[in-house]
1. Only loop residues by DSSP count here, and only those with at most 10 other Cβ atoms within 10 Å; note down the chymotrypsin sites (Phe, Trp or Tyr not before Pro) in segment 372-443 that meet that.
2. When DSSP assigns beta bridges and you keep just the ones with both residues in the chain, what percent turn out antiparallel, to the nearest 5?
3. At 20 °C and 1.002 mPa s, grab the translational diffusion coefficient of segment 31-117 from Stokes-Einstein with a Kirkwood Rh over Cα pairs, rounded to a whole number in µm² per second.
4. Sort 221-231, 102-112 by packing, meaning the average of other beta carbons within 10 Å per residue, with the highest value first.
5. Determine the gain in length on full extension of the stretch residue 374-residue 127; use 0.36 nm per residue of separation and subtract their C-alpha separation, reporting nm with one decimal.
6. Do me a favour and compute the ellipsoid semi-axes for segment 69-123 from its Cα gyration tensor, root of five times each eigenvalue, largest one first, whole Å.
7. How fast does segment 215-324 diffuse by Stokes-Einstein, in µm²/s, taking the Kirkwood radius from C-alpha pairs at 37 °C and 0.692 mPa s?
8. What list of whole percents do you get for P(r) of the chain, with Cα-Cα distances grouped in 20 Å bins up to the one holding the largest distance?
Amino acid sequence: MNIPRLVVAAPSSGAGKTTIATGLIAALAARGLAVSPHKVGPDYIDPGYHGLAAGRPGRNLDAFMCGPERIAPLFLHGTAGADVAVVEGVMGLFDGASGRGELASTAHVSKLLRAPVVLVVDASSQSRSVAALVHGFASWDPEVRLAGVILNRVASDRHELLLREALEEGSGVPVLGSVRRSAAVATPSRHLGLIPAVERSAEALRAVADMGELVAASVDLDAVLALARTAPPLTAEPWDPAREVAPLAAAAGAGAGAARPRIAVAGGAAFSFSYAENTELLTAAGAEVVPFDPLHADALPEGTAGLVIGGGFPELYVRELSANGQLRSAIAAFATSGGPVAAECAGLLYLGRELDGLPMCGVLDTSARMTERLTLGYREAVALHDSVLAPTGARLRGHEFHRTVCEPGAGERPAWGWRLPDGPRAEGFAGAPGAANIHASYLHLHWAGYPQLATAFTAAAAAHRAG
């Protein structure tokens, strides 16, 4: 399959990758092209802006959590029906999983996709030195095709001229655009990065439109498209959720002829972190997936047989979540009736006794609070007990990303064990007193890497419905 594509990278975080990538997506979409947006790494927030710009889901490409062998298939799955694909990188071009070389870096993914790379350079504090910087990045790994540069935060026409002359003389990499500083495209941030698009609504739409207009006026879009079309065909088969779960579903008794259990998936501003493939796998495994917003719903969707509560920012909506006592009681009743619940990070906090002193669902015997300390990083985890997601001994890869702490951090039946520099750690809850079918943890998982999670959870929901 030959989808035109390019990767937007940078020498480091903070160079403006998200602004340029989102602006490119919006500018190309404004030309009438169907643009497929992607993000390297586990981040949930940037794909939200990509999705607004493209009018289709932003998807993640994470070689650590899903495996390098799935990157091209997942990419082709996401690009179905698209004219061009834009892939935003993570951190600096060559920064990957800590201590694992290039694994999961933007460079690694660009090679797996055989895609040309456009380097976004923050030029605000340099002139001729930009040529040395670009030359170094272009020559570091011969397998990475650094094929263009977009200069960002350029101060003036004179500054742009100096930068272009230096690059022409010393790097051999063409300049595809020069973007001036612009307050209009500034996207507000907080403790975990950009504010998610779902929380900003009309303001986010305006910001995305501004990014598109800025990039359209500053970047040679024809040259960008010409570069994207130089990407060679990919030989991989597109990832197919039905193919991933069909044999597993049959083995678990959730195949053809089984009733479709209804699985409620929390969303909205407080629980906005999700990967599109997770829902696609649940649907392929035989579930009827129904979204709901815990900030506004006073009950679970009628007929709920399974409940998924993903990540997000419950600490920012703790008063509203706590005030919604009807839903908290409904979730507690569902859990204590044996209903299967899969909760990640924000979901874990919501199921506890309290968050920052305010009552939550009270299903788990733990309390959570905000801290100043950021916990983040990839994790290699092993399941310590059987649960509705995984059997004892299952090994998975995920990531942590939070500024909260739960006390205690694990129940009598911890969900996961993993090793950190300061020693081994048991984390999460594989069941709770009176609620045996709960799985709650800080660990974020991309189910495309482990489709058996969807099969197991759908089977548990089907069993609960039948019971």
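The values are calculated or read from the model by the stated rules, or taken from the named source; none is laboratory data. If you're wondering where the values come from, they're calculated on a predicted model, not measured in any experiment. Cβ coordinates were reconstructed from backbone atoms using ideal geometry, including for glycine residues, and neighbour counts include every protein chain displayed. To get the accessible areas, we keep the full protein, side chains included, count just its heavy atoms, and leave off ligands, DNA and RNA. Shrake-Rupley method; radii C 1.70, N 1.55, O 1.52, S 1.80 Å.
1. Here no loop site has a sparse enough neighbourhood.
2. 40 percent
3. 166 µm²/s
4. In decreasing order of mean packing, 221-231, 102-112 become 102-112, 221-231.
5. Gain on extension, residue 374 to residue 127, equals 85.4 nm.
6. So the three semi-axes of segment 69-123 are 21, 16, 8 Å.
7. 188 µm²/s
8. It works out to 25, 54, 20, 1, in whole percents.
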